[in-house]
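Trainee: Here it is: the structure, laid out below.
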Amino acid sequence: MTEFTNQIFSAQAIAGRVKRLAKEISAAESSQPLELVGLMNGALVFLADLIRHLDFDFPLHLVRVQSYQGDRQGEVKVTLGFDPKGKRLLLVDDILDSGGSLIALMGELNRQGAEVLKTCCLLDKAKSPLQADYVGFHCPDLWVVGYGMDYQGLYRNLPFIAELPPTLR
């Protein structure tokens, strides 16, 4: 496996923060029905760990929001597989970078009649006009991989989050 020398967040730090984040969400959101919407593929690992710590019952939906083709950001494509009309939704994503994916998804969900939209992102690079309701970590503006995040389909399986070495780009 490739050596990642600049680890930004360790597996232990991630596990602790995800557990605390789930408690924050549970305290704030469990009084009214809430459905979770995971953005695939990047949020898969984060979503799996987060839902194990939530203290309320919820339906779970997975959506496909694609904004990268290889290493270039392109047109955002949204694929829903459920009816959001009248629902309170918590959108769970891996990283808030430009915000394009979440903004496109929120626009589509609003068009289809979602009642409430809240957001939860593991990482926030503080570059987007969008502010997530729940954030795991503030992240430096680096290309990061691991814990579900990839580069050209690779490195999602790393248990930590690290900067992608320039030699791999």
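Trainee: Antiparallel versus total DSSP beta bridges in the chain: what percent is that, nearest 5?
Mentor: On the way: 11 of 32 bridges.
If I count the DSSP bridges inside the chain, around 35 percent turn out antiparallel.
Trainee: OK, next. So if I average 1/r over every pair of distinct C-alpha atoms in region 1-109 and take the inverse, what Kirkwood radius in Å does that give? Walk me through the intermediate numbers first.
Mentor: Details: mean 1/r = 0.0650 Å⁻¹.
Kirkwood radius, region 1-109: 15.4 Å.
Trainee: Have a look at Q32, Q131, Q66 and tell me which one the Gaussian network model of the chain (Cα, springs below 10 Å) gives the largest fluctuation.
Mentor: Comparing Q32, Q131, Q66 in the GNM, the peak value goes to Q32.
Trainee: With just the Cα atoms of region 11-54, tell me how far they stretch along each of the three principal axes, in Å, largest first.
Mentor: That works out to 31, 23, 12 Å along the principal axes.
Trainee: Then there is this: Check K87: other-chain or 5+ apart residues with amide H under 5 Å from its amide H, H built from backbone geometry?
Mentor: E115, V116
Trainee: While we're on this one: List the residues of region 39-67 whose backbone N lies under 18 Å from a point placed 7 Å from the Cα of V116 along the Cα-to-Cβ direction.
Mentor: Output list for this probe position: 54-61.
Trainee: Taking amide H positions as placed in the peptide plane 1.01 Å from N, state which residues far from T119 in sequence (5 or more) or on other chains have amide H under 5 Å from it.
Mentor: Close amide H contacts, sequence-distant or interchain: L91, D133, Y134.
Trainee: What net charge do the residues around G148 carry, taking every other residue with its C-beta under 12 Å from that of G148, with Lys and Arg at +1 and Asp and Glu at -1?
Mentor: Working: positive: R156; negative: D49, D93, D94, D150.
Summing Lys/Arg as +1 and Asp/Glu as -1 gives -3.
Trainee: Dimensions of region 82-169 along principal axes (Cα, Å, largest first)?
Mentor: Computed over the Cα atoms, the extents are 47, 24, 19 Å.
Trainee: Additional query: Using r as the Cβ-Cβ distance of D55 and D133, and R0 as 30 Å, what FRET efficiency do you calculate, to the nearest 0.05?
Mentor: Working: r = 17 Å, r/R0 = 0.58.
Working from the Cβ atoms, E equals 0.95.
Trainee: May I pose another question? Counting only pairs 8 or more places apart or on different chains, how many lysine pairs in the chain have C-alpha atoms closer than 29 Å?
Mentor: 19
Trainee: Taking the Cα centre of region 7-117 as origin and charging only Cβ (+1 Lys, Arg; -1 Asp, Glu), how large is the dipole, in debye to the nearest 20? Spell out each step's value before the answer.
Mentor: On the way: 12 positive and 14 negative charges, 13 e Å.
Using Cβ point charges on Lys, Arg, Asp and Glu, region 7-117 gives about 60 debye.
Trainee: Could I ask something else about it? Give me the net charge for the shell around L50: Cβ to Cβ below 13 angstrom, other residues only, Lys and Arg +1, Asp and Glu -1.
Mentor: Details: positive: R17, K19, R20, K23, R52; negative: E24, E29, D49, D55, D93, D94.
Result for the local shell: -1.
Trainee: What longest range of the chain stays clear of loop-exposed GluC sites (Glu not before Pro) (DSSP non-H/G/I/E/B, at most 15 other C-beta within 10 angstrom)?
Mentor: Details: sites that count: E3, E115.
Answer - 4-114.
Trainee: Sticking with this structure for a sec: Taking the chain as a Gaussian network, Cα atoms linked when under 10 Å apart, which of G100, G136, G16 shows the biggest mean-square fluctuation?
Mentor: Residue with maximal mean-square fluctuation among G100, G136, G16: G16.
Trainee: A further question follows. Amide H to amide H under 5 Å from G38: which residues, 5+ apart in sequence or cross-chain, H placed 1.01 Å off N in plane?
Mentor: Amide H to amide H, under 5 Å and 5 or more residues apart or across chains, G38 pairs with H61, L62, V63, V92.
A short reminder: the numbers here are calculations on the coordinates, not readings from a lab. Predicted, not measured: the structure shown is a model, and the values here were computed from it. Cβ atoms come from the backbone with ideal geometry, glycine included; neighbour counts cover every protein chain shown.
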